[in-house]
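Below you'll find the structure, written out as structure tokens, and then a few comments.
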Amino acid sequence: MLFSAIASKLLAESLLSLYPVFVKTINLSFGLQLWSRFFTYVAISMFFVDMGFIYKHLFSKNGFLLSLITVLHVYFSYRGFQLLESGVAFVLFYTYPIFILLFSGKPLHISILLSLVGVYLLASSRSSEDFGIVGLDNVCEEMDDAQSSETVFKTKAESQKKEAFPYEGIWMVLLASVTEAMIYFLVRSIKTDNHWNHMFLSYGLGSILFSGLFFKDVVNTNISSVLSISMVINLVIGLFGYLLRFYAIRNLDTVIYSPLSYFGVIMAYVYGVLFQQEVITWQKILGSVLILVPNFFDFGIIGLDL
């Protein structure tokens, strides 16, 4: 049981860490991305749920909260993934084990202050990258001064339109991590060995909500094109990724579950390099380490007292 739960957790993180790449590269509107995820999860899971259990918990306090918080969680994470590099987004997202420990009432180690420094380093590392200046130095050398200045200016202007307010991507991912921790406790509070029940309860409300909001967009989109691809991707990396995660949540102790979550961070950086040619800098590495290491103090893996 322990081995299968650990394997499920690692596989789940490998699949789910593909989401930042998927969100940024799929040629589909933000609304349809949300709809395709919620609709796919519900459409598949409804064939495997215990309807008696669903009727009992769908409008219960915890069942409703699970659905509501999942809607917020997916919105926050998708928006953050749009704005940030895959590795950076996942490092920030994986502050959620800290919130799990915090919400569980366990005292946090003083080393948690290092995480704040790490967040600052990752946020400041974006000052040149997210305004489109990464890799432009070599291009500018091959242009005349006027042309290169114009290119940098246009790239900055286009990039600035991405965020509605300063560091929106950072805040969105941090909110996603808080809601992920809340989902953890809600899933544990709804007792069932059929994790399709958890899936349906989590995404039922959002499926109805987004079907209503984006009905015209769905009807006017060619189902055989990008939308169908999005639904297939959600089925493979999302549906089964979360199903495996729910299984791990129910079968692993918090002290084991939380550290294993960071396997997803490694995979996110790997995917970012492979699929999006993202550059890993020393500032990103240091910021990531400062965010992740304090968690191991809190989990009791490092028995030092600073």
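The values are calculated or read from the model by the stated rules, or taken from the named source; none is laboratory data. The shown structure was predicted, so the numbers you read here are calculated from the model rather than taken from an experiment. Note: ideal-geometry Cβ built from the backbone for every residue, glycine included; neighbour counts use all protein chains shown.
Of the conditions (1) touching a Gly at 6+ places or on another chain (Cβ under 8 Å); (2) under 30 Å from E278 (Cβ atoms); (3) modelled with pLDDT of 90 or more, S67 fails just one. Which one is it?
Status for S67: all satisfied but (2).
Take the range 168-212 and flag every residue that is closer than 15 Å to A248 by Cα and of a type in the set (A, V, I, L, M).
A181, I183, L186, V187, I190, M199
Filtering the range 234-284 down to residues that are in a helix (DSSP H, G or I) and charged (D, E, K, R), which residue is farthest from the chain's Cα centre (by Cα)? Give the steps one after another, and end with the answer.
Residues of the range 234-284 in a helix (DSSP H, G or I): 234-251, 254-260, 263-276, 282-284.
Checking the rest, the ones that are also charged (D, E, K, R) come to 245, 250, 284.
Working: R245: 13, R250: 20, K284: 18 Å.
Looking at the filtered set, the residue picked out is R250.
Is one or more of the residues making up the range 64-84 assigned to a helix (DSSP H, G or I) and without any contact (Cβ under 8 Å) to a residue 40 or more places away in the chain?
No, the conditions are met nowhere in the range 64-84.
Among the numbered criteria (1) without any contact (Cβ under 8 Å) to a residue 12 or more places away in the chain; (2) assigned to a helix (DSSP H, G or I), which one does P20 miss?
Going through (1) without any contact (Cβ under 8 Å) to a residue 12 or more places away in the chain; (2) assigned to a helix (DSSP H, G or I) one by one, P20 breaks only (1).
Please report, ordered by residue number, the helices (runs of 4 or more DSSP H) entirely within the range 106-223 with at least 1 residues that are at pLDDT below 75.
112-124, 126-129, 136-141, 145-160
Suppose we keep only residues that are closer than 21 Å to T254 by Cα and among the aromatic types (F, W, Y) within the range 272-306. Which one would you say is modelled with the lowest pLDDT?
Result: F299.
Could you figure out which of (1) at pLDDT below 80; (2) crowded, with 19+ Cβ neighbours inside 10 Å; (3) among the aromatic types (F, W, Y) isn't true of Y96?
(1)
Restricting to the range 242-283, give me the number of residues that are of a type in the set (G, A, S) and in contact with a Ser or Thr (Cβ under 8 Å, 6 or more places away or on another chain).
Total meeting the criteria: 4.
Given the structure, is Y167 free of Cβ contacts under 8 Å to residues at least 60 places away in the same chain and among the aromatic types (F, W, Y)? Working first, answer last.
Working: free of Cβ contacts under 8 Å to residues at least 60 places away in the same chain: yes; among the aromatic types (F, W, Y): yes.
For Y167, the condition - free of Cβ contacts under 8 Å to residues at least 60 places away in the same chain and among the aromatic types (F, W, Y) - is met.
Of all residues in the range 48-59, count the ones that are without any contact (Cβ under 8 Å) to a residue 40 or more places away in the chain and outside any helix (DSSP H, G or I).
Looking only at that region, the number is 1.
Kindly provide the set of residues from the range 66-79 that are among the aliphatic types (A, V, I, L, M) and touching a helix residue (DSSP H, G or I) at 6+ places or on another chain (Cβ under 6 Å), ordered by number.
Selection gives L66, I69, V71, L72.
Can you pull out every residue in the range 24-46 that is assigned to a helix (DSSP H, G or I), at pLDDT below 85 and buried (at least 16 other Cβ atoms within 10 Å of the Cβ)?
Within the range 24-46, just K24 meets the criteria.
What about S228, is it polar (S, T, N, Q), at negative phi, in contact with a helix residue (DSSP H, G or I) (Cβ under 7 Å, 6 or more places away or on another chain) and in a helix (DSSP H, G or I)?
no
I'd like to check something: does the range 159-181 contain any residue that is farther than 18 Å from T70 by Cβ and of a type in the set (S, T, N, Q)?
yes
Just give me the residues in the range 86-105 being touching a helix residue (DSSP H, G or I) at 6+ places or on another chain (Cβ under 6 Å) and outside any helix (DSSP H, G or I), in sequence order.
Those that are touching a helix residue (DSSP H, G or I) at 6+ places or on another chain (Cβ under 6 Å) and outside any helix (DSSP H, G or I): Y94, T95.
I need the full set of residues from the range 173-196 which are among the hydroxyl-bearing types (S, T, Y) and either under 15 Å from N62 (Cβ atoms) or more than 13 Å from the chain's Cα centre (by Cα) (or both), in order please.
Selection gives T179, Y184, S189, T192.
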